[in-house]
Amino acid sequence: MKNLATIVLLAASLLPASAADPGADQLLKQMSVKLAASRSFSFEAIREIDVALREGHDVPEKAKVSVAVQRPDKIAVKSVSHEGTRRFIADGKTLVLFDQKHNHYATVPMRASLDGLVEQLDEKYGFVPPLAEFALSNPYKDLRSQATTLTYLGRAKTQAGLFGWFGEDCYRILLKGKAADAELWIPVSDDLPRRMTATFHREGGPQLRISFSKWNLAAPVGAGEFAFTPPKGSQQIEMWTTAKMQSAAKKR
């Protein structure tokens, strides 16, 4: 029995490094470094939000989101869902929000880097651009700050093609947080996120699900991507701050 145990231990020590636990923290850092190194990039995602996470709505949302980034201060996001098309554009000087269904748009001066943009929006207006955490200068810092623990869950394949035979082999890591636990899938092949599912600590465990695709870390993103011309007949409206909305709610 002792000889058998010795053989088992020796065999385990000879396994290739890829079969070992690569470490959740290291995987998150590798993903962050790769994203941060790109000066101009684009990607797409399908984002699904359960109805319990959508205050003031009675149906869930499924949206196709397209993102273009040009560091250090430009981002353009287009979201298409059953509620219509919405655009979010920041060019380092001005922020624009456009609701195509209602033909309304709002603009506010905002001179900031992408990091500063996200911070200012969160503090002053109570929201951030969709998937903005992946456009920050240090995605690892932002994601890690929201997680109390990181755990490597092993490897699994995404479902793609006939019977899922053409799926990608991915590392799975769990980021446990105070508000939600998120499972992130990162392909062995390229270190870019493919899937993220956040389960919130609320009754029923509502989820936010994101499937990423079409990553291009050398995208030829032109200046026109971040330009906005109000469509004919569109109406400019005011973008209320969180403080103004709270004040108005108290007066009702």
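The values are calculated or read from the model by the stated rules, or taken from the named source; none is laboratory data. Please read all numbers here as calculations on a predicted model, not as lab measurements. Heads up, the Cβs are rebuilt from the backbone with ideal geometry, glycines too, and the neighbour counts pull from every protein chain shown. Please note that ligands, DNA and RNA were not included when accessible areas were found on the heavy atoms of the full protein model with its side chains. Shrake-Rupley method; radii C 1.70, N 1.55, O 1.52, S 1.80 Å.
Tabulated data for the structure shown
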{"item": "5 angstrom amide H check on S234, placed H, neighbours 5+ away", "result": "none"}
{"item": "Solvent-accessible heavy-atom area per residue, rounded to whole Å², over region 109-193 at 1.4 Å", "result": "52 Å²"}
{"item": "Long-range amide H partners of V188 with built H, under 5 Å", "result": "D169, C170, Y171"}
{"item": "Label zone at A248 (point 7 Å along Cα-to-Cβ), backbone N below 17 Å, region 83-125", "result": "97-99, 102-108, 124-125"}
{"item": "Spin-label pair K62/I46, simplified geometry with 7 Å Cα→Cβ offset, distance in nm", "result": "0.7 nm"}
{"item": "Contour minus Cα-Cα distance for Q120 and S234 (0.36 nm per residue)", "result": "38.4 nm"}
{"item": "Estimated inter-spin distance, Q26 and S211, nm [label 7 Å along Cα→Cβ]", "result": "3.1 nm"}
{"item": "Pairwise centroid distance, computed over Cα atoms, of region 173-216 with region 25-78, Å", "result": "11 Å"}
{"item": "Furthest towards positive pole of dipole, I49, A249, P60, structure part the chain, Cβ charges", "result": "A249"}
{"item": "Phi-based couplings in Hz for region 128-142 (Karplus 6.51, -1.76, 1.60; Gly and Pro marked x)", "result": "9, x, x, 6, 5, 4, 8, 9, 5, 5, 9, x, 4, 4, 5"}
{"item": "Rounded to whole Hz, the Karplus (6.51, -1.76, 1.60) HN-Hα couplings of region 239-252, x for glycine and proline", "result": "9, 6, 6, 4, 4, 5, 5, 5, 5, 5, 5, 5, 7, 6"}
{"item": "Restricting region 134-211 to trypsin sites (Lys or Arg not before Pro) in coil, as DSSP defines it, with at most 12 other Cβ within 10 Å", "result": "K178, R202"}
{"item": "Neighbour cut-off at most 15 other Cβ (10 Å), DSSP loop, GluC sites (Glu not before Pro), region 39-125", "result": "E55, E83"}
{"item": "Calculated volume of the Cα convex hull per residue in Å³ (choose from [x] 125; [y] 134; [z] 184), label", "result": "[z]"}
{"item": "Highest-MSF residue in the chain out of P72, P109, P187 [GNM, Cα springs under 10 Å]", "result": "P109"}
{"item": "For region 205-251, accessible area per residue (1.4 Å probe, heavy atoms of protein chains only), Å²", "result": "68 Å²"}
{"item": "Sequence-distant residues sharing a close amide H with R54 (under 5 Å, placed H)", "result": "none"}
{"item": "Helix-only CD estimate at 222 nm, as mean residue ellipticity for the chain, using -39500 (n - 2.57) per DSSP H run (n ≥ 4)", "result": "-6500 deg cm²/dmol"}
{"item": "For region 78-92, 3J(HN,Hα) per residue [Karplus equation, 6.51 cos²θ - 1.76 cosθ + 1.60, θ = phi - 60°, Hz, x = Gly/Pro]", "result": "10, 10, 10, 8, 5, 8, x, 9, 10, 10, 10, 9, 9, 10, x"}
{"item": "With every protein chain in place, region 98-201: carbon and sulfur % of accessible area (1.4 Å)", "result": "52 percent"}
{"item": "Relative contact order (%) - region 151-241, alpha-carbon pairs under 8 angstrom, separation at least six", "result": "15 percent"}
{"item": "Only Lys, Arg (+1) and Asp, Glu (-1) charged, at Cβ; the chain dipole about Cα centre in debye", "result": "280 debye"}
